[in-house]
1. For all pairs of alpha-carbon atoms in segment 100-254, what percent lies in each bin of width 5 Å, listed from the first bin to the last filled one?
2. Whenever you get a sec, line up Ile264, Ile192 from highest to lowest accessible area (probe 1.4 Å, protein heavy atoms).
3. With angles folded into 0 to 90 degrees, how steeply does helix 106-129 sit against the dominant principal axis of the chain? Use alpha carbons for both and round to 10.
4. From the protein chains alone at 1.4 Å, what is the descending order of accessible area for Phe255, Phe45, largest first?
5. Quick one: order Cys99, Cys217, Cys230 from most to least accessible surface, probe 1.4 Å.
6. Under unit Cβ charges (Lys, Arg +1; Asp, Glu -1), what dipole magnitude, rounded to 20 debye, does segment 1-265 have relative to its Cα centre?
7. Local charge sum around Ile254 (other residues, Cβ-Cβ under 15 Å, Lys/Arg +1, Asp/Glu -1)?
8. Between Ala159 and Trp242, what is the label-to-label distance in nm when each label sits 7 Å out along the Cα-to-Cβ direction?
Amino acid sequence: MDWIIGLLGAAVVAGAAFYKKSLTLSGFAAAVLMGTVYYGAGNLFWFGTLLLFFITSTLLSKFKKERKAELEKSYAKTGNRDAGQVWANGGLGMLLCLCYAIWPHVAWQLAFVGVMATVTSDTWATEFGSLSRKPPRSILNGKVLAPGTSGGVSVLGTAAALAGGVLIGIGAWGFGYAIGMPGLPLWLWALIGGISGSAGAFADSYLGATVQMMRSCTVCGREVEVDSHCGQPTVYVRGWRWMSNDRVNSISSIFGGLVALAGILFIL
């Protein structure tokens, strides 16, 4: 029965997102499969936390979309998520959910919250940071960068990253409490979410500034993630050619999960 509930719930949410063009067809299929597993193998703790990330991130991608439209042309991934982006954001969490189903332990929960806090923090930092009135600065040397440059950070974006991580921590506590799942106190979930989410978001920025594959527009000279900009093909300028945006997201999520695992020191 739980698998059917998960399938129906995921289909409704993903269907609405597909209708609103927040998901591509491949993204819709991936989201339905993922949501089914999150609830079927897990419960509201896993499924609800995933939805909290997805719904808030989708709404933020629509917030003042006109102001962010030009910057989005530089990003490999935008608010219209495909299967690759869906798996990069939620695939590791699904694996942790399955591990918990096989061997229930708080370590899987901690790592999961760290992973989801990271993808939420990173998304919130991007969505709010792109609205900052002040230009971002390089995470490497503090130099002013053009808005939208990979590896740039801002005060507004950093604050948004912290808030997104804390929200995931609070949400995880709430969903666990609602089903009577033994867990950690609210303040500890919020702390772990905030710290791991922020750490993961900074890791994402660092990877973006150092090893992510970046290209340059031959027309405007902007450093971008896409193959075409200003109507012309872009050229490779730096980074590891295999280090795509999705891979950066996955690696930073792993880092955020490991940071959250350090919270087990508060338990033992």
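1. It works out to 2, 10, 16, 18, 17, 13, 9, 7, 5, 3, 1, 0, in whole percents.
2. The ordering from most to least exposed comes out as Ile264, Ile192.
3. For helix 106-129, the angle is close to 30 degrees.
4. Values: Phe255 95, Phe45 0 Å².
Largest accessible area first, the list is Phe255, Phe45.
5. From most exposed to least exposed: Cys230, Cys99, Cys217.
6. On the way: 19 positive and 12 negative charges, 154 e Å.
Here segment 1-265 has a charge dipole of around 740 debye.
7. Charge balance in the 15 Å sphere: -2.
8. Between Ala159 and Trp242, the label points sit 4.1 nm apart.
The values are calculated or read from the model by the stated rules, or taken from the named source; none is laboratory data. Being a predicted model, the structure only gives us computed values, none of them experimental. Please note: Cβ atoms are built from the backbone with ideal geometry, for glycine as well, and neighbour counts cover all protein chains shown. Surface accessibility is based on the protein's heavy atoms, side chains included, excluding ligands, DNA and RNA. Shrake-Rupley method; radii C 1.70, N 1.55, O 1.52, S 1.80 Å.
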